[in-house]
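Asks: Before I ask anything, let me first share the structure, which is written out below as structure tokens.
The values are calculated or read from the model by the stated rules, or taken from the named source; none is laboratory data. Bear in mind the structure is a predicted one, so any value in this text is a computation, not a measurement. Backbone-built Cβ (ideal geometry, glycine too); neighbour counts: all protein chains shown. Please note that ligands, DNA and RNA were not included when accessible areas were found on the heavy atoms of the full protein model with its side chains. Shrake-Rupley method; radii C 1.70, N 1.55, O 1.52, S 1.80 Å.
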Amino acid sequence: MRRQLLAIVAFLAAMALVPHLVGSEFWRNWVMMALFYALLGQAWNILGGYGGQFSFGHAAFFGTGAYCSAILHVHYGVNPWIALPAAGMAAGLVGAFIGFLSFRYGLRGSYFALVTLAFAEVLRILANTVPITGKGVGLLIPLDPGAANMQFADRTGYFYLILAFVGLALLLTLWLEHSRFGARLVAVRENEDAARALGVDVFRTKLAAITLSGALAGLGGSYYAQLFLYLDPGIAYGPAISVEALLVPIVGGMGTLFGPLLGSFALHGVSELAKLAFGEAAGLDLALYGVLLVLMVMFMPNGLFGMGRTTLARLLGGGRDA
Amino acid sequence: MVEFQILLPAILNGLTTGAVYALIALGLTLIYGVLHIINFAHGSLLMLAMYAVFFLHAGLGIDPYLALPVVVPGFFALGYLLQRGVIARASHGRDENILLVTLGVSIVIENLARYFWRSDTRTIETPYSFETVDLGVAFIAVPKVVAFAGALLVTLALWWVMSRTDLGRAIRALAKERQGARLVGIDVDHIFAMSFGIGTACVAAAACLLLPSFYVSPGVGHTFVLIAFTVVVLGGMGSFAGALIGGLIIGVTESLCGLYLGESLGQIGIFLIFIAILLFRPTGLLGHRA
């Protein structure tokens with residue numbers, strides 16, 4: 001545990017230097033967005049990686065956090081810093097609600113995945129029809145720079161904010177790995193019936209995991225709203241976010257502390273590479289991204305983290321095959 | 001209370017749309033039943049088939065219905081090769097990897113379409129596009145009647161293949177017990193690919209039936225695939241009769257919700273049914289306990 005904590009601190013310290021050492025605005029932004037997706041991936045990882053419950057609808061949490069923060073700010077004049085915990089809580093509540101309904105009825109595997117997908121879709125349609133979200137037109141957050149408003153004139157503030165969120169997510173995951181709750185969650189993932197036989201309250205464990213996961217994704221949504229100052233139902237509840245949230249940890253290594261971080265930087269790098277290769281040709285870069293994704297799965301079936309571990313073990317002469 | 005004269009056409013229209021939903025869901029349910037994966041590439045394959053039909057019509061002047069004997073075998077081959085050459089090879093037989101691979105494949109297809117054909121919405125015009133049939137109680141557009149009959153015929157054909165042929169028996173055996181099927185000498189890789197091919201062929205048939213009355217654009221697959229998921233769950237994953245009944249129910253629900261709640265809220269009825277079914281009867285109407 002101490003080694004992992006050290007690794008987290010070292011990573012955060014290295015990242016904290018990025019705004020000072022990296023001269024190009026473009027690369028600073030690049031790291032910032034990679035961190036943002038790492039946060040979403042880490043949120044998914046708690047439920048999907050450690051809990052084994054694959055969600056295809058993390059946009060439901062992300063979007064709720066984003067809308068909650070934006071609506072409180074725009075319509076009720078609430079300061080974004082105060083709206084932030086509210087957004088996290090609202091997203092956590094949505095998680096608890098979806099979890100309560102689906103885990104109560106024992107939905108597992110593909111069924112759970114589809115129900116999360118459906119909830120995100122219901123929320124998207126609702127956001128498209130109720131006036132408070134600005135419907136399809138979207139919601140514009142008025143520009144009012146100042147740290148007190150969570151709007152930073154120079155992007156460094158945004159950088160440190162997302163770094164803080166990622167740090168929080170990493171510490172939370174570290175705690176999870178070493179807590180009784182985490183042990184119960186992994187037991188549920190490995191074998192639900194066996195876990196129940198050992199006295200684990202499966203329902204409550206899963207419910208806590210989805211609530212935590214949702215709240216974390218909600219913080220990401222709140223951050224997104226303040227960063228781009230614009231939301232519409234497609235951005236908030238569309239499938240793109242759900243897909244990113246699950247790709248990042250699966251590519252990086254599910255159920256590992258640093259997997260989502262690795263996956264996020266790798267996927268973000270790949271997509272940047274694809275953009276560099278094809279420049280302005282809209283569509284081709286994403287197509288190449290898809291090809292690289294398939295190749296990644298083909299040659300690294302255990303995720304980047306798994307591959308790193310196996311290679312390292314082999315290099316050190318351990319000879320342990322994963 | 002809405003008048004009967006409005007209600008009945010809405011229901012009939014819903015049934016015709018529902019039949020096409022059923023056809024798309026049929027492919028999905030077959031692939032799910034055998035491979036136990038949710039095929040994310042299903043929607044983009046539908047989109048690809050619709051473009052194939054579109055260009056056959058625009059370039060060679062082939063009527064969408066006459067394109068059926070070309071497009072369906074073509075897409076069967078495409079699906080077979082996709083499973084055998086890409087999905088099986090890349091996924092190492094692990095479920096979450098299959099999911100990623102089909103997701104990757106759909107990203108590739110969709111964005112290539114976006115690159116080559118732009119995001120424009122395209123439609124084709126046939127002499128019968130705006131013809132209607134008088135069913136006594138309501139007028140229904142000709143393409144919709146054809147789509148309804150066509151979807152039922154394809155379902156019947158598929159049912160025949162599944163229950164009467166060696167291929168169908170092998171597929172069902174594989175769906176039930178993978179290890180056992182391998183032990184009695186079934187070529188598992190081949191049958192997996194055949195199932196994927198048939199599933200893709202279903203989508204191609206749906207594309208031929210859809211195009212006279214529907215548009216095509218690179219994102220069109222999304223519209224259908226989410227509904228197809230719903231139909232599959234409603235009918236019971238892996239059940240053919242369930243997919244047919246589920247498709248019809250969803251078609252009518254969409255039509256009626258659109259009538260009562262307006263266009264923008266119309267689809268919400270589908271998803272509420274979806275969630276309710278998942279919660280209260282997750283095995284679906286005709287599904288077996290997993």
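Asks: Confirm whether B:A206 is hydrophobic (A, V, I, L, M, F, W, C), touching a residue at least 24 places away in the same chain (Cβ under 8 Å), closer than 25 Å to B:A10 by Cβ and open to solvent by 10 Å² or more (accessible area, probe 1.4 Å).
Replies: Judged against the criteria, B:A206 is not a match.
Asks: For A:S110, are the conditions met, namely being closer than 23 Å to A:A225 by Cα and of a type in the set (S, T, Y)?
Replies: For A:S110, the condition - closer than 23 Å to A:A225 by Cα and of a type in the set (S, T, Y) - is not met.
Asks: Separate question: Can you name every residue in segment A:69-102 that is away from chain B (no Cβ under 14 Å), open to solvent by 30 Å² or more (accessible area, probe 1.4 Å), in contact with a helix residue (DSSP H, G or I) (Cβ under 8 Å, 6 or more places away or on another chain) and not aliphatic (A, V, I, L, M)?
Replies: A:H73, A:H75, A:N79, A:W81
Asks: Only residues that are under 20 Å from the mean Cα position of the chain (by Cα), of a type in the set (G, A, S) and within 7 Å of chain A (Cβ to nearest Cβ): list them for segment B:86-114, please.
Replies: Correct list: B:G104 only.
Each row is one residue, and each column tells you yes or no for (1) outside any helix (DSSP H, G or I); (2) touching a residue at least 24 places away in the same chain (Cβ under 8 Å); (3) on the phi < 0 side of the Ramachandran plot.
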site: B:F130; (1), (2), (3): yes, no, yes
site: B:V133; (1), (2), (3): yes, no, yes
site: B:I140; (1), (2), (3): yes, yes, yes
site: B:L152; (1), (2), (3): no, yes, yes
site: B:T155; (1), (2), (3): no, yes, yes
site: B:W160; (1), (2), (3): no, no, yes
site: B:A173; (1), (2), (3): no, no, yes
site: B:Q179; (1), (2), (3): no, no, yes
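Asks: I would also like to ask the following. Tell me which residues, restricted to segment A:269-286, are facing chain B (nearest Cβ under 10 Å) and without any contact (Cβ under 8 Å) to a residue 12 or more places away in the chain.
Replies: Result: A:F278, A:A281, A:A282, A:G283, A:L284.
Asks: Pairs needed: first member in segment A:185-208, over 23 Å from A:F97 (Cβ atoms); second member anywhere, of a type in the set (D, E); C-beta distance under 9 Å; at least 6 residues apart or different chains.
Replies: From residues that are over 23 Å from A:F97 (Cβ atoms), the pairs are A:V186/A:E177.
Asks: Just give me the residues in segment A:254-308 being closer than 24 Å to B:R89 by Cα and hydroxyl-bearing (S, T, Y), in sequence order.
Replies: Result: A:S271, A:Y289.
Asks: Still on this structure, please answer the following. Within segment A:170-184, is even one residue more than 18 Å from the chain's Cα centre (by Cα), β-branched (V, I, T) and open to solvent by less than 40 Å² (accessible area, probe 1.4 Å)?
Replies: no
Asks: Here are B:L12, B:L78, B:L100, B:L66: which of them is in a helix (DSSP H, G or I) and either without any contact (Cβ under 8 Å) to a residue 24 or more places away in the chain or touching a His at 6+ places or on another chain (Cβ under 8 Å) (or both)?
Replies: On inspection, the qualifying residue turns out to be B:L100.
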